[in-house]
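Here is the structure we will look at, set down as C-alpha cells.
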Amino acid sequence: MTRRWQLAHGRHLDLGGKAVVVGIVNVTPDSFSDGGLFAAPERAVAQARRMVDEGALVVDVGGESTRPGGAPVSAQEEQARILPVIEALAGPGGPLISVDTYREETARLAVAAGAHIVNDVWGVQREPGIAGVAAQTGAGLIIMHTGRGRERLADVIADQFAFLEKSLEIARQHGVRDDQIVLDAGFGFAKETAEENLDLMARFGELNALGFPLMAGTSRKRFIGTVTGRDPADRAAGTAATSVILRLKGAHLFRVHDVAINVDALAVADAMLARQPDPAER
C-alpha cells in the first residue's frame, strides 16, 4: 500500500512501493562516526549533493550531535551551522530536506529556509511547540522514540507504544495531521545493549500496528559494531543488512551515512517483495 507523506512547501513523498533512503549530513565537529568531516557549510552541501547522486531522496541536516554523552550546543550555534546548508540546498529542483532538531525555534527557521521535514529525536516531548511548527507550515514530522531521561518499560515494544502514543497525542493536540507523520523506533537511543536493539529489530513488525509509516535509523550504530567487531566507519555492510531486515518487516525510510550500499541492498529487497504473492490472492 502506498501512502502520501505531506511535506512543507507543497512537496510530498509517496511511501510504500519502494524504500526511501535518507542521507545523514552532520554539520558538527563531534558526531560519533563522521564528526568534523562536514562541519564547513560548503563541505556539507557537497556531501548532501553526493548523497542525492547516489540515490538518497531526502537529506537530513543536523547541527548538534545526538550521540551518548555528546556536548549540547546553543540554539544559536545549531542554527549557524545548519541554516546556510539548508539555504544552499533549497529551491526548485533541489532535494527534499529534513532538519534534525528538537528545538521549536530551529525547526521554524529551518522550514523558512527551505526544509520540508522536521525530524525530532525527542518525539515532540522535549519542546512540544515543535509540533505546532509542523502544523503551521505543513512540514512532515518524524517522531522518534527515545528512552533517554525517563523510566522505561521492560518490554521493548510496550515501551515503544507507550512513548509514541503520547507523542502522537501531543502532535494531534497541536494540529498535526496524520498524513504528515512518520514514526522512528530510535535504535540506539537509550537501548543500551546489542541484545535490546536486536530484540527491537526482531519485533519491528509489531510497530506497524501503530498505523504510520516507519523510519529505521540503525546506521553505524554501536550494536552493529558489537555484532561485527568493526569500527563506526566500517559498518556500512552491517548497516545494509539491518536495512534489508527492517524493510522486510515493514520499514519505509532508512536514515544512513552510506547511501549507495543501502540503495543497492534495498533495491534487491524491493525486487523480492514485488514478486511475493499477495496473501489476499491465495
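Being among the hydrophobic types (A, V, I, L, M, F, W, C), out of contact with any helix residue (DSSP H, G or I) (no Cβ under 7 Å at 6 or more places or on another chain) and more than 17 Å from D199 (Cβ to Cβ) is the filter here, so list the residues in the stretch 159-189 that pass it.
If the condition is that a residue be among the hydrophobic types (A, V, I, L, M, F, W, C), out of contact with any helix residue (DSSP H, G or I) (no Cβ under 7 Å at 6 or more places or on another chain) and more than 17 Å from D199 (Cβ to Cβ), then L168, V182 are the ones that fit.
Considering only helices (runs of 4 or more DSSP H) fully contained in the stretch 188-279, which possess at least 3 residues that are more than 16 Å from Q160 (Cα to Cα)?
Helices (runs of 4 or more DSSP H) meeting the threshold: 222-228, 236-248, 259-275.
Quick one: in the stretch 102-138, of everything that is within 21 Å of A88 (Cβ to Cβ) and hydroxyl-bearing (S, T, Y), which residue is surrounded by the fewest Cβ atoms within 10 Å (Cβ to Cβ)?
Restricting to residues being within 21 Å of A88 (Cβ to Cβ) and hydroxyl-bearing (S, T, Y), the top hit is T137.
Provide a single number: the residues in the stretch 17-49 that are touching a Lys or Arg at 6+ places or on another chain (Cβ under 9 Å), small (G, A, S) and at pLDDT below 90.
Going through the stretch 17-49 one residue at a time, the tally reaches 4.
Check the stretch 37-60 and report whether any residue there is in contact (Cβ under 8 Å) with a residue 12 or more places away in the chain, within 19 Å of V121 (Cα to Cα) and either more than 18 Å from the chain's Cα centre (by Cα) or in a loop (DSSP other than H, G, I, E, B) (or both).
No.
Give all pairs with beta carbons closer than 8 Å in which a residue from the stretch 125-139 that is among the hydroxyl-bearing types (S, T, Y) meets a residue that is crowded, with 20+ Cβ neighbours inside 10 Å and part of a loop (DSSP other than H, G, I, E, B); count only pairs at least 6 apart in sequence or on separate chains.
Matching pairs, first to second residue: T137/A8.
Can you tell me how many residues within the stretch 7-19 are touching an Asp or Glu at 6+ places or on another chain (Cβ under 9 Å) and buried (at least 20 other Cβ atoms within 10 Å of the Cβ)?
Going through the stretch 7-19 one residue at a time, the tally reaches 1.
Just for the stretch 46-82: of the residues that are more than 20 Å from Y102 (Cβ to Cβ) and in contact with a Phe, Trp or Tyr (Cβ under 9 Å, 6 or more places away or on another chain), which one is surrounded by the fewest Cβ atoms within 10 Å (Cβ to Cβ)?
Ranking the qualifying residues of the stretch 46-82, first place goes to A46.
For the stretch 244-267, enumerate the residues that are of a type outside the set (A, V, I, L, M) and out of contact with any Ser or Thr (no Cβ under 7 Å at 6 or more places or on another chain).
R247, K249, G250, H252, D264, listed by residue number.
Can you pull out the residues in the stretch 228-276 that are charged (D, E, K, R) and either in contact with a Pro (Cβ under 6 Å, 6 or more places away or on another chain) or on the phi > 0 side of the Ramachandran plot (or both)?
none
Restricting to the stretch 190-219, count the residues that are modelled with pLDDT under 95 and crowded, with 22+ Cβ neighbours inside 10 Å.
Of the residues in that region, 1 qualify.
Going by the conditions given, is A260 in contact (Cβ under 8 Å) with a residue 12 or more places away in the chain, over 30 Å from A158 (Cβ atoms) and of a type in the set (G, A, S)?
Details: in contact (Cβ under 8 Å) with a residue 12 or more places away in the chain: yes; over 30 Å from A158 (Cβ atoms): yes; of a type in the set (G, A, S): yes.
Yes.
Assess whether L153 counts as being in contact with an Asp or Glu (Cβ under 6 Å, 6 or more places away or on another chain), among the aliphatic types (A, V, I, L, M) and under 28 Å from E196 (Cβ atoms).
yes
The values are calculated or read from the model by the stated rules, or taken from the named source; none is laboratory data. Being a predicted model, the structure only gives us computed values, none of them experimental. Here the Cβ is made from the backbone with ideal geometry for all residues, glycine too, and neighbour counts use every protein chain on show.
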